[in-house]
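The values are calculated or read from the model by the stated rules, or taken from the named source; none is laboratory data. All of these numbers come straight from a predicted model, not from anything done at the bench. Using ideal geometry, Cβ is built from the backbone for each residue, glycine included, and neighbour counts are taken over all protein chains shown. Ligands, DNA and RNA are stripped out before the accessible areas are found, and what is left, the full protein with its side chains, is counted by its heavy atoms. Shrake-Rupley method; radii C 1.70, N 1.55, O 1.52, S 1.80 Å.
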Amino acid sequence: MTSNKTNSHAAQANPDFQRIIDEIVDTGFVGIQLRVTDEHREWAGTAGLSALGETAPPPSNGRIRIGSNTKTFVATAVLQLVAEGQIALDTPAAHYLPHLAIDPRITVRMLLQHTSGIFNFTGEVLEDGTIVPGVVAWSGKDWVDNRLRGRDVLDLVRQALALPARFEPGTDWSYSNTNYAIARLLIEAVTGDPLAQVMQRQILEPLGLTDTLVPENSTELGGPHAHAYYRYDDAGKQRTVDVTVSDPSWISSGGDMISTSKDLHTFIRALVTGKLLPAPLLADMLTPESKVGYGLGVIVQHTRSGTVITHNGGHGGHAALMYSTADGSKTMTAALNYVDDADLTLSEPFQQATQRLIEEVFGGPAA
């Protein structure tokens, strides 16, 4: 694939960033938007295409579905309610949601840190590589055919809770979208408001994040955006379809939000610099568990030049990167559009691209 190279003054000011994103596109991505900021300047550039078969590059601040970056927003909203005294981190989640069959040993903290052991409603990959199907289709022809169908979060959670837990609460770590669907229900239970309203009131409006939203059952992104694609097998034939328009309620608060590289920069910088949480709760959030370094809705990575706070996300042809130094002095955010598939063909190039960007921006790969 030939990349659509940006010729802006910003790109010329840092040719290394432009070269890297051009090369990332050449590994198979449709397009990428990259934004890097430090205390002195901001660099923003694009490479590749906004849509297959067209010539326009991705919009420089286009909206995308940010996938699991949603978890950082949700965790922040929960911790703000902790600060207000409406939720306690080490209180059982069942205390707030007595109508759900949640193991009474599972605390709010365990939900946010993925140490609850609750079955992931999008499916599990066990330690031996065994794949356990989820309660909702999120890949292949089933997902394509049903991508405009709405799902009820309470139903997804109840189905997941009815399945065997991965482990005893607090004894291990396993990524589970169900944890964050329950966190959404918890937020709504204690505030009496839908998550979208709580997010708008507590985070989006105070920070001026006008391109970030909780879409609920809305299928449109709105505003300028790059297109997302999905490739699947249909009776032995490979088909590629535009899946930009889709209903994200199948993943709910595990990964349904929409944002831009600029809004993600504003959010992560405000978060790590203490503008959204009191210092003790921010410290809690940034304290990682020992297995993979997951805090409360964030991942804590160590590079040769220092600690980096991050969360990435992606599915269905869109992906988002969100990184910041622990003091907020430097951030890197990116939005990618690509052709996704059930085999996650681009997962390895995605990881390689991410590591290259981390090394270039933060001075060393993740340890």
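The single condition among (1) touching a Phe, Trp or Tyr at 6+ places or on another chain (Cβ under 9 Å); (2) outside any helix (DSSP H, G or I); (3) open to solvent by 40 Å² or more (accessible area, probe 1.4 Å); (4) of a type outside the set (Asp, Glu) that TYR230 does not satisfy is (3). Highlighted here are the strands (runs of 3 or more DSSP E) found entirely within the stretch 296-344 that include at least 2 residues which are small (Gly, Ala, Ser) and closer than 20 Å to SER253 by Cβ: 313-315, 318-325.
Table: residues versus (1) more than 12 Å from the chain's Cα centre (by Cα); (2) surrounded by 15 or more Cβ atoms within 10 Å (Cβ to Cβ).
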| position | (1), (2) |
| --- | --- |
| THR240 | yes, no |
| SER246 | yes, yes |
| ILE251 | no, yes |
| ILE258 | no, yes |
| LEU264 | no, yes |
| ARG269 | yes, yes |
| VAL272 | yes, yes |
| LEU276 | yes, yes |
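Determine, yes or no, whether ILE118 is open to solvent by less than 30 Å² (accessible area, probe 1.4 Å) and in contact with a Ser or Thr (Cβ under 8 Å, 6 or more places away or on another chain). It is true that ILE118 is open to solvent by less than 30 Å² (accessible area, probe 1.4 Å) and in contact with a Ser or Thr (Cβ under 8 Å, 6 or more places away or on another chain).
One residue stands out in the stretch 356-367 among those that are within 19 Å of the chain's Cα centre (by Cα) and at pLDDT 90 or above: the one that is nearest to GLN301 (Cα to Cα), namely ILE358. Considering each residue of the stretch 50-69 in turn, at least one proves to be of a type in the set (Ser, Thr, Tyr), modelled with pLDDT of 95 or more, within 24 Å of THR273 (Cβ to Cβ) and open to solvent by less than 40 Å² (accessible area, probe 1.4 Å).
Residues in the stretch 160-188 that are closer than 16 Å to LEU89 by Cβ and open to solvent by 20 Å² or more (accessible area, probe 1.4 Å): how many? Of the residues in the stretch 160-188, 2 are closer than 16 Å to LEU89 by Cβ and open to solvent by 20 Å² or more (accessible area, probe 1.4 Å). Just to be sure I understand, how many residues within the stretch 121-149 are closer than 16 Å to ARG231 by Cβ and either open to solvent by 60 Å² or more (accessible area, probe 1.4 Å) or among the charged types (D, E, K, R) (or both)? Counting residues in the stretch 121-149 that are closer than 16 Å to ARG231 by Cβ and either open to solvent by 60 Å² or more (accessible area, probe 1.4 Å) or among the charged types (D, E, K, R) (or both) gives 5. Against the test of being within 27 Å of VAL132 (Cα to Cα), outside any strand (DSSP E or B) and not charged (D, E, K, R), the options LEU204, LEU209, LEU163, LEU221 yield a single qualifying residue, LEU163.
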